[in-house]
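Step one of this worksheet: look at the structure below.
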């Protein structure tokens, strides 16, 4: 077995909680080793999660080199506090029975560097890009990551003599329906089909369309979820006992059904705002329907306006903010309104990709923009120079703000309301990526580099004097 990881990858930590105990049980029947996903540029090793992850990678590959038998235990221990890596690794090494000094010397010396460099090169040669990537018997494993599923695969790949392989439980049958709508251009059933087939080994899968009577009836019985949705019956409960799979905690119980509509946006009962049809029967088609007010196709055009949807701890948004002064100078735009990419879960809780700390910063930025708009970009730009720094007050001072006033808004009802308004707006507009720009209140586009942002903004503002130099010229032949 070969497992390619990043030491600070949360999905690797989840997998090792299932795989680690299994490897310890099968240690006499399985040859297990770890490789690492990263890059080498001009002799410098790097990793997705930064220098601390490189340090964690070095420790883990040295643990494998010196104490391979203790590696699963060490990986599980390290994975329980990913943010702290590499801090505290000594206690994990001691608990695994390793020689702390030997591991430290290896990780801090030439041997560790060579081991990690060679591992990066190996993962690149095998075209491994994601973490975790698991090979069992030389074949990439893409199935369910529960203990039982992993055990069945390992037993079938050559470990059949292990005692654990002798009395395998039967695979529970799971019945599922992918419910979609042919009117929805973005409702891609293929993604859900692939996810279900990877998750459930014994799957009875059908697909229904909302426009058909059976599809409409199931939609009502399942609580009218947004589409596309996966609707499972109670057979999934037997599989879920003792199993871990990616969306286990996202299933919503609706009577006899378990419903998954993670990230879905399409309401089949609502008005579609650009198809020329009265979809919801209120005799008001498209933009005449009040529910379409905030859809992209119905938003009033406001020439010259520029706004930016972002996540306050997103590294790509931080790079976009660095280029903002150049964008403003080139286009003549005087202000940029910020919005925040957040979502509201089925339980009514707001979620953000980078966790609670990002939500807290989103609220602060939203409050500053609402109450002191002239200082909004100064504060946001300062914070996004080091977005993970939990100490925000110096940036408030730098922007000329009262930190007590900012905290009072952000920690209270006003901060919550402002962020929920952005969550609703982002959902209506289908905003998921950070950063996403909006030109003229109407035209979304993506961009990080200043020249790219300027060109795309000016494409919608060709009459703006500052944009004339950036509008592409159309070449033609003169007869």
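Each reported figure results from applying straightforward, stated rules to the coordinates on display, with no laboratory input. What you are looking at is a predicted structure, and each value in this text was computed from that prediction instead of being measured. Here Cβ is always computed from backbone atoms with ideal geometry, including for glycine, and neighbour counts include all displayed protein chains.
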Query raised in the report: Per 10 Å bin, what is the whole-percent P(r) computed from every C-alpha pair distance within the chain?
Result: 4, 15, 21, 24, 21, 11, 3, 0, 0
Report summary line: the stretch 391-446: Kirkwood hydrodynamic radius (Cα pairs, Å) comes out at 13.5 Å
Query - Beta bridge orientation in the chain: antiparallel %, DSSP, nearest 5 - result: 65 percent
Query raised in the report: Can you give the FRET efficiency for residue 189 and residue 441, using 1/(1 + (r/R0)^6), R0 = 30 Å, r = Cβ-Cβ distance, to the nearest 0.05?
Result: 0.35
Report summary line: Bridge orientation stat for the stretch 306-470 from DSSP, antiparallel percent rounded to 5, came to 70 percent
Query raised in the report: Quick one: what does P(r) look like for the stretch 29-145 with 10 Å bins over all Cα pairs, in whole %?
Result: 13, 45, 35, 6, 0
Report task. Quick one: angle between helix 110-125 and the longest Cα principal axis of the chain, in degrees between 0 and 90, rounded to 10, please. Result -> 70 degrees
**Report entry** Segments 279-286, 376-383 sorted - mean Cβ within 10 Å per residue, highest first
**Finding:** 376-383, 279-286
Report summary line: Over the chain, the sum of -39500 (n - 2.57) across DSSP H runs of at least four, divided by residue number and rounded to 500 deg cm²/dmol, gives at 222 nm -12000 deg cm²/dmol
Query raised in the report: Nearest 10 degrees, 0 to 90: what angle lies between the long axis of helix 189-199 and the longest principal axis of the chain (Cα atoms)?
Result: 20 degrees
Query raised in the report: Once the stretch 246-314 is represented by equal point scatterers at the alpha-carbon sites, with solvent omitted, what log10 I(q)/I(0) does the Debye formula produce at q = 0.21 Å⁻¹?
Result: -0.92
Report task. Beta carbons within 10 angstrom, averaged per residue: use that to sort the peptides 83-90, 3-10, highest first. Result -> 3-10, 83-90
Query raised in the report: How would you order 217-223, 73-79 from highest to lowest mean count of nearby Cβ atoms within 10 Å?
Result: 73-79, 217-223
Query - the stretch 63-78 and the stretch 246-265: distance between their alpha carbon centers, rounded to Å - result: 36 Å
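Please work out whether the stretch 197-312 counts as rounded, prolate or oblate from its C-alpha gyration tensor, where a ≥ b ≥ c are the square roots of the eigenvalues and a/c under 1.5 means rounded, while otherwise a/b larger than b/c means prolate and anything else oblate?
Working: a/c = 3.32, a/b = 1.69, b/c = 1.96.
Because a/c hits 1.5 or more and a/b fails to exceed b/c, the stretch 197-312 counts as oblate.
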Query raised in the report: In terms of the Cα gyration tensor, with a ≥ b ≥ c the square roots of its eigenvalues, is the stretch 298-394 rounded because a/c is under 1.5, prolate because a/b exceeds b/c, or oblate?
Result: oblate
Report summary line: P(r) over all Cα-Cα pairs of the stretch 174-260, 10 Å bins from 0 to the longest distance, whole percent per bin, short to long, reads 17, 55, 26, 2
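Quick one: length gained pulling residue 278 to residue 42 fully straight, 0.36 nm per residue minus the C-alpha distance?
Working it through step by step, the gained length comes to 78.9 nm.
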Report task. Taking 7 Å along the Cα-to-C-beta vector as the label spot, tell me the residue 322-residue 270 distance in nanometres, rounded to one decimal. Result -> 3.7 nm
Query raised in the report: How many angstrom separate the Cα center of the stretch 111-160 from the Cα center of the stretch 1-34?
Result: 9 Å
Query raised in the report: If one takes the longest principal axis of the Cα atoms in the chain, at what angle in degrees, from 0 to 90 and to the nearest 10, does the Cα axis of helix 147-156 lie?
Result: 60 degrees
**Report entry** Two-site label geometry, residue 252 and residue 233: point separation in nm, points 7 Å out along Cα→Cβ
**Finding:** 2.2 nm
